[in-house]
Each structure stands twice: as structure tokens, then as C-alpha cells.
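Undergrad: My questions all concern the structure below.
The values are calculated or read from the model by the stated rules, or taken from the named source; none is laboratory data. The structure displayed is predicted, hence computed values, not measured ones. Glycine also receives a Cβ, built like all others from the backbone with ideal geometry; neighbour counts cover every protein chain displayed.
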Amino acid sequence: MYSEKVMDHFANPRNVGEIPDADGVGEVGNPVCGDIMKIYIKVKDDVITDIKFKTFGCGAAIATSSMITEMAKGKKLEEALKLSNRQVAEALDGLPPQKMHCSNLAADALHAAIADYRTKQRP
Ligand code: FES
């Protein structure tokens, strides 16, 4: 019931870990299931130069976090903010309907990390 891409990103997640000197960190919990995702970003000249994630969650949550880090890396903050859970799910060739809520975490955590970065930039 999972696509090959989901299985691949679940079995071999990209960009797992932490960035100790991250410029922005976003953490979100999924109200539906209680799973948690944290995304760390490094930013230079408004571009996401590095990104890592830690997810305590189901396979779909891990696959979507892995995919969104790949999609966001090298993107301008403005473009990264436009990434939606739907786009992440599409990039993974779809998620089972009952697992769509899992993809919310990835987009929300990324957006939270960007918001955190922007807050820290203000004097
Ligand atoms: Fe919790 Fe998927 S079941 S994120």
C-alpha cells in the first residue's frame, strides 16, 4: 500500500540528524497521533544551505521528512515556504489516504524552522 519511493525514503532516510549550530529549528507535534518532528536549517543569503531532521513517528512521517529535506535544500526561503504537504506526498508518489495527516508534520516543521530563523534575525 506504500509506494516504492515511500519505502525507499523510510528505509534510507536522507538528511537524518541534528545541526548543532542551526540557524533555525522547527518542532511540531501531530495532534492526531502525538508523533514529533524536528527540522534544523542552515541559511546563507536567504538560501537553505543545509537541513537535517529528527522524527519520532511512523514510516510515512519519516519518509515525508526525508523527502521535504531533499526538496528544501538549496531553495530560497520564499520558495521553501511554499512547499506544501500535498507536494511532498506527490513527490513520494502518494500516501494512503489515512496517512495523509502524517505529511502535515514535514511542511509544518519546515515552515516553523524558517519562522524561527526569521525571528532570530530580528535585532
Ligand atoms: Fe503519526 Fe504518521 S501516525 S505521523
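Undergrad: Restricting the stretch 31-59 to residues that are within 16 Å of the ligand (Cβ to nearest atom) and of a type in the set (A, V, I, L, M), which is farthest from LYS76 (Cα to Cα)? Reasoning before the result, please.
TA: Taking the stretch 31-59 first, the residues within 16 Å of the ligand (Cβ to nearest atom) are 31-39, 53-59.
Cutting the leftovers down to of a type in the set (A, V, I, L, M) gives us 32, 36-37, 39.
Working: VAL32: 31, ILE36: 25, MET37: 22, ILE39: 16 Å.
Filtering the stretch 31-59 for residues that are within 16 Å of the ligand (Cβ to nearest atom) and of a type in the set (A, V, I, L, M), the one farthest from LYS76 (Cα to Cα) comes out as VAL32.
Undergrad: Check the stretch 11-21 and report whether any residue there is part of a helix (DSSP H, G or I) and either farther than 30 Å from GLN121 by Cβ or under 12 Å from the mean Cα position of the chain (by Cα) (or both).
TA: In the first step, residues of the stretch 11-21 are kept if they are part of a helix (DSSP H, G or I); the result is 11.
Keeping just the survivors that are either farther than 30 Å from GLN121 by Cβ or under 12 Å from the mean Cα position of the chain (by Cα) (or both) gives 11.
Yes; the residues of the stretch 11-21 include at least one that is part of a helix (DSSP H, G or I) and either farther than 30 Å from GLN121 by Cβ or under 12 Å from the mean Cα position of the chain (by Cα) (or both).
Undergrad: Right, here's the next one. Inside the stretch 30-46, can you point out the residues that are of a type outside the set (Phe, Trp, Tyr) and in contact (Cβ under 8 Å) with a residue 12 or more places away in the chain?
TA: Here is the first cut: in the stretch 30-46, the ones of a type outside the set (Phe, Trp, Tyr) are 30-39, 41-46.
ASN30, VAL32, CYS33, ASP35, ILE36, MET37, LYS38, ILE39, ILE41, LYS42, VAL43, ASP46, listed by residue number.
Undergrad: Filter the stretch 12-30 down to residues that are over 20 Å from ALA63 (Cβ atoms) and not aliphatic (A, V, I, L, M) and give me whichever is nearest to the ligand (Cβ to nearest atom).
TA: Taking the stretch 12-30 as the starting set, the residues that turn out to be over 20 Å from ALA63 (Cβ atoms) are 19-25.
Subset that is not aliphatic (A, V, I, L, M): 20-21, 23-24.
Working: PRO20: 25, ASP21: 28, ASP23: 26, GLY24: 22 Å.
Among those residues, the one meeting the criterion is GLY24.
Undergrad: I'd like to verify a number: residues in the stretch 76-98 that are small (Gly, Ala, Ser), closer than 19 Å to VAL28 by Cβ and touching a Ser or Thr at 6+ places or on another chain (Cβ under 7 Å), how many?
TA: Pass one, the stretch 76-98, residues small (Gly, Ala, Ser): 80, 84, 89, 91, 94.
Retained after the next criterion (residues that are closer than 19 Å to VAL28 by Cβ): 80, 84, 89.
Next, from what is left, pick out any that are touching a Ser or Thr at 6+ places or on another chain (Cβ under 7 Å): 89.
Residues that pass the stated criteria total 1.
Undergrad: Let me ask another. Give the residue that is modelled with the lowest pLDDT, with candidates limited to residues of the stretch 33-75 that are surrounded by fewer than 14 Cβ atoms within 10 Å (Cβ to Cβ) and either touching a Ser or Thr at 6+ places or on another chain (Cβ under 6 Å) or part of a strand (DSSP E or B) (or both).
TA: Filtering the stretch 33-75 for residues surrounded by fewer than 14 Cβ atoms within 10 Å (Cβ to Cβ) gives 33-34, 44-46, 49, 56, 74.
Add one more test, that the residue is either touching a Ser or Thr at 6+ places or on another chain (Cβ under 6 Å) or part of a strand (DSSP E or B) (or both), and what stays is 44, 49, 56.
Values: LYS44: 97, THR49: 98, PHE56: 93.
Among those that are surrounded by fewer than 14 Cβ atoms within 10 Å (Cβ to Cβ) and either touching a Ser or Thr at 6+ places or on another chain (Cβ under 6 Å) or part of a strand (DSSP E or B) (or both), it is PHE56.
Undergrad: Please work out which residue is nearest to ILE114 (Cα to Cα), limiting yourself to the stretch 22-32 and to residues that are assigned to a strand (DSSP E or B) and touching a Leu at 6+ places or on another chain (Cβ under 7 Å).
TA: Filtering the stretch 22-32 for residues assigned to a strand (DSSP E or B) gives 24-29.
If we keep only those that are touching a Leu at 6+ places or on another chain (Cβ under 7 Å) as well, we get 26, 28.
Working: GLY26: 7, VAL28: 13 Å.
Residue satisfying both the conditions and the ranking: GLY26.
Undergrad: Among the residues of the stretch 65-101, write down those that are more than 20 Å from ALA115 (Cβ to Cβ), in contact (Cβ under 8 Å) with a residue 40 or more places away in the chain and hydrophobic (A, V, I, L, M, F, W, C).
TA: MET67, ALA91, LEU92, LEU95
Undergrad: Another one. Can you find even one residue in the stretch 109-119 that is away from the ligand (no atom under 13 Å from the Cβ), surrounded by 24 or more Cβ atoms within 10 Å (Cβ to Cβ) and part of a helix (DSSP H, G or I)?
TA: We begin by selecting, within the stretch 109-119, every residue away from the ligand (no atom under 13 Å from the Cβ); these are 110-119.
From the residues that got through so far, the ones that are surrounded by 24 or more Cβ atoms within 10 Å (Cβ to Cβ) too are 110, 113.
If we keep only those that are part of a helix (DSSP H, G or I) as well, we get 110, 113.
Yes, the stretch 109-119 contains a residue that is away from the ligand (no atom under 13 Å from the Cβ), surrounded by 24 or more Cβ atoms within 10 Å (Cβ to Cβ) and part of a helix (DSSP H, G or I).
Undergrad: Oh, and also: Please go through the stretch 87-119 and give me each residue that is among the charged types (D, E, K, R), over 18 Å from PHE10 (Cα atoms) and over 11 Å from the mean Cα position of the chain (by Cα), ordered by number.
TA: ASP116, ARG118
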